[in-house]
Amino acid sequence: MPKVTVDGQEIEVPNGATVLQACELAGKEIPRFCYHERLSIAGNCRMCLVEVKPGPPKPQASCALPATEGQEIRTDTPMVKAAREGVMEFLLINHPLDCPICDQGGECDLQDQSVAYGRGGSRYEENKRAVTEKYMGPLIKTVMTRCIHCTRCVRFSEEIAGVDEIGALYRGEDMQITTYLEQAAAHELSANVIDLCPVGALTSRPYAFEARPWELKKTLSIDVSDAVGANIRLDSRGREVMRALPRINDDVNEEWLSDKGRYMVDGLGARRLDKVWIRKSGKLQAASWDEAFKAIAKAKPGASIAAIAGDLVDCETMYAAKALLRAMGSDLLEGRQTGLSYDTGSLAAVNFNSTFAGIETADAILIVGSHVRWEAPLVNVRLRKAVKRGAKVFIVGPEWEPTYPATFLGGDLSVLNKLPKDVTDTFKGAERPALILGGAGLGKGALGACLALADKFKLVRDGWNGFNVLHMAASRMGGLMLGYAQPGGIGDIAKAAPKVVLALGADEVDWSAFTGSLKVYIGHHGDKGAHAADVILPAASFAEKDGTYVNTEGRVQFAEKAVFAPGDAREDWTILRALADALGVTVGFDSFAQLQAAMIAEVPALGEEGLASYGALPKADAKAKAEGEIAGYPIKDFYLTNPIARASAVMQRCSAELVHGEEIAEAAE
């Protein structure tokens, strides 16, 4: 490891580190616009100039200069200060200086650096250049006159998202950043360029002119739009969530966020259930909480009561419902609302065991029945990294555009019984082989055959477990840990014909199988579950309550309450606690802290943030065979997969324009 001196302080830096990274290790803040830790080095903004000896007697770009033994680096000389001020002066020649009307105001790198390095006036009298706006879709608002050509957006699209949609035209003063033929940026991670843009050239279209950062309350939360559990920050004002932004967590989402997780939050204020409803003579009518509880108690369910958990539910809600059912003498719990059934005896068999960070190091990957790009866009980013490192990817299922080279083996699952020679050769020679089983594969009963492949190709070895199941619901792993699984899936509950069914935000259930049951919907949106319900009890969304979530890799994470629920809506656990009183049973908790303590006492893993341990994979049945055809994937529309997203005007527009190709008419049309 080379030793360098930064402003008189000698430090050791890792091999391959740049001078900029060496300065950061020494605690020196180096201004930059084009450099980003997760993108390739461009070296084109020149803001990170430092003085380096030995070397030419001039400032050098620290982001593109390797740190070598014996270097003397100065960040505080008059030459460096003058050079940075000169670069800032050049950057501001054409910048419109419209901070008061710019949405980046208050969180803008250019503003911050101009305070430190900007001069009081300009020596240039030429006209500023103007650039026409570019259409980048319903999520990204462009004011390209502000663009300083850092090319972060270009590099993100090519290197991280794998979609070559943004690039540069022309040269010099005429250079412009644009999408291909000025079409919308149509991929699932497009809005991350808003976070990357160091100026106000790319800002959020739905959030335009809505708020300033200093007006907002910031709350740490978890994205529930898929099972990745991306770490997010909810910014709220009053009782409204204004926006969701990613938080840095290298183990989960790095610093990216899918467009759905970022923009479905406007759906939190639309189509909300904010009062109690009871169905009378076939029509829903407004009622009081007391009337609703009496109507449920009147059904006298006894032990004939079931609970079905939806995709967005936190562990505390599921445990509260479990405690209620246990007190009633029932164990009819299910969370796989679309009808999936698979053996849950060993949770290691239905977990993403490689971890997201680990899958980057796999060198052979077989994906069975998963459209990863739609089911978990941030996992697809990890798979791109693995391919860049030399991994070969094979996919069983209908074709989709994976953004990296992959070999499709067709939709017939029988191919798993006898894989082609090139696949078996690749896996036998691999040091870190991995298999990813998705929802379409689980639905066709491919779990046993995949476990047999795990044995055959030794997917589990010292320091490596390459057997992975990719879930799509934020509540799935938590539900499985709490016992929300019947041997035959939701069909077992339908056969039991319970008198009362509690739907905990369950919106994807086929309710035709429960015609004889009193359907009690405890949820937050007037979606499919509410339409089928006999009693509606308005509850809180993920942003309106504290809660624990477990992602598909078994990582336990905690989300905080950002705002209060609207109207008469209450936090789910309080509804279930009050329902217990109405039904005349005791559940053992009167506060959220008591509920959480009881849950952790029963499932200790839910009390420790981080990866839960599920033990070893179960012994595989060597005779297990896969059969059937995967005709399609569970997600038909990436933007409309849950009740919050379906209520979101932004997600509806994205669906219409980016999935279905509809032309969106402007107001004047």
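The values are calculated or read from the model by the stated rules, or taken from the named source; none is laboratory data. Small disclaimer: the values here were computed from a predicted structure and weren't measured. Backbone-built Cβ (ideal geometry, glycine too); neighbour counts: all protein chains shown. Heads up: the accessible areas ignore ligands, DNA and RNA and are worked out on the full protein's heavy atoms, side chains in. Shrake-Rupley method; radii C 1.70, N 1.55, O 1.52, S 1.80 Å.
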When (1) of a type in the set (A, V, I, L, M); (2) within 28 Å of residue 254 (Cβ to Cβ); (3) surrounded by 18 or more Cβ atoms within 10 Å (Cβ to Cβ) are applied to residue 357, the one that fails is (3)
Tell me yes or no: at least one residue of segment 333-355 is under 15 Å from the mean Cα position of the chain (by Cα) and among the aliphatic types (A, V, I, L, M). no
Restricting segment 232-248 to residues that are out of contact with any Asp or Glu (no Cβ under 6 Å at 6 or more places or on another chain) and of a type in the set (A, V, I, L, M), the one most open to solvent (accessible area, probe 1.4 Å) turns out to be 245
Residue 522 passes all but one of the listed conditions (1) surrounded by 20 or more Cβ atoms within 10 Å (Cβ to Cβ); (2) over 30 Å from the mean Cα position of the chain (by Cα); the exception is number (2)
For segment 277-289, pairs from a residue that is under 14 Å from residue 520 (Cα atoms) to a residue that is modelled with pLDDT of 90 or more and charged (D, E, K, R), with Cβ under 7 Å and 6 or more apart or across chains, are 278/291; 279/534
Of the residues in segment 174-189, those that are touching an Asp or Glu at 6+ places or on another chain (Cβ under 6 Å) and among the small types (Gly, Ala, Ser) come to 185
* To do: With the condition kept exactly as written, say whether any residue in segment 471-490 is over 28 Å from residue 509 (Cβ atoms), open to solvent by less than 10 Å² (accessible area, probe 1.4 Å) and small (Gly, Ala, Ser).
  => no
Within segment 578-613, residues being under 30 Å from residue 453 (Cα atoms), open to solvent by less than 40 Å² (accessible area, probe 1.4 Å) and assigned to a loop (DSSP other than H, G, I, E, B) number 1
In segment 513-538, anything of a type in the set (D, E, K, R), touching a helix residue (DSSP H, G or I) at 6+ places or on another chain (Cβ under 7 Å) and under 19 Å from residue 578 (Cα atoms) is listed as 519
Worksheet item: Quick check: is even one residue across segment 405-417 more than 21 Å from residue 442 (Cα to Cα), of a type in the set (Asp, Glu) and open to solvent by 10 Å² or more (accessible area, probe 1.4 Å)?
Response: no
*Report yes if some residue within segment 614-635 is more than 18 Å from residue 397 (Cβ to Cβ), without any contact (Cβ under 8 Å) to a residue 60 or more places away in the chain and in contact with a Ser or Thr (Cβ under 9 Å, 6 or more places away or on another chain); otherwise report no.*
no
In segment 383-406, residues that are in a strand (DSSP E or B) and touching a helix residue (DSSP H, G or I) at 6+ places or on another chain (Cβ under 8 Å) total 4
Scanning segment 279-336 residue by residue, those part of a loop (DSSP other than H, G, I, E, B), acidic (Asp, Glu) and open to solvent by 10 Å² or more (accessible area, probe 1.4 Å) turn out to be 311, 331
Of the candidates 126, 107, the one satisfying the condition of being under 29 Å from the mean Cα position of the chain (by Cα), over 26 Å from residue 653 (Cα atoms) and either in contact (Cβ under 8 Å) with a residue 60 or more places away in the chain or open to solvent by 50 Å² or more (accessible area, probe 1.4 Å) (or both) is 107
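The rows are residues; the columns are (1) out of contact with any strand residue (DSSP E or B) (no Cβ under 7 Å at 6 or more places or on another chain); (2) part of a helix (DSSP H, G or I); (3) open to solvent by 10 Å² or more (accessible area, probe 1.4 Å); (4) touching a residue at least 12 places away in the same chain (Cβ under 8 Å).
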{"site": "342", "(1), (2), (3), (4)": "yes, no, yes, yes"}
{"site": "345", "(1), (2), (3), (4)": "yes, no, yes, yes"}
{"site": "370", "(1), (2), (3), (4)": "no, no, no, yes"}
{"site": "381", "(1), (2), (3), (4)": "yes, yes, no, yes"}
{"site": "431", "(1), (2), (3), (4)": "yes, no, yes, yes"}
Residue 27 passes all but one of the listed conditions (1) farther than 22 Å from residue 152 by Cβ; (2) crowded, with 16+ Cβ neighbours inside 10 Å; the exception is number (2)
Residues of segment 648-661 being touching a residue at least 24 places away in the same chain (Cβ under 8 Å) and crowded, with 19+ Cβ neighbours inside 10 Å, in sequence order, are 648, 650, 651, 653, 654, 658
Reported set for segment 129-149 where residues are open to solvent by 30 Å² or more (accessible area, probe 1.4 Å) and farther than 12 Å from residue 200 by Cβ is 129, 130, 132, 133, 135, 149
Selection from segment 151-191 of residues open to solvent by 60 Å² or more (accessible area, probe 1.4 Å), within 23 Å of residue 655 (Cβ to Cβ) and not acidic (Asp, Glu) yields 180, 181, 183
Apart from one, (1) polar (S, T, N, Q); (2) out of contact with any Leu (no Cβ under 7 Å at 6 or more places or on another chain); (3) more than 25 Å from residue 121 (Cα to Cα) all hold for residue 18; the odd one out is (2)
Within segment 554-577, restricting to residues that are part of a strand (DSSP E or B) and either of a type outside the set (D, E, K, R) or out of contact with any Gly (no Cβ under 7 Å at 6 or more places or on another chain) (or both), the one that is farthest from residue 353 (Cα to Cα) is 570
*asked:* Tell me whether segment 48-68 contains one or more residues that are out of contact with any strand residue (DSSP E or B) (no Cβ under 9 Å at 6 or more places or on another chain), in a loop (DSSP other than H, G, I, E, B) and either of a type in the set (S, T, N, Q) or modelled with pLDDT of 90 or more (or both).
replied: no
Exactly one of 645, 620, 616 is open to solvent by less than 30 Å² (accessible area, probe 1.4 Å) and at pLDDT below 90, and that one is 620
Taking segment 69-104 and keeping residues over 17 Å from residue 147 (Cα atoms), surrounded by 15 or more Cβ atoms within 10 Å (Cβ to Cβ) and touching a residue at least 60 places away in the same chain (Cβ under 8 Å) leaves 71, 72, 73, 74, 75
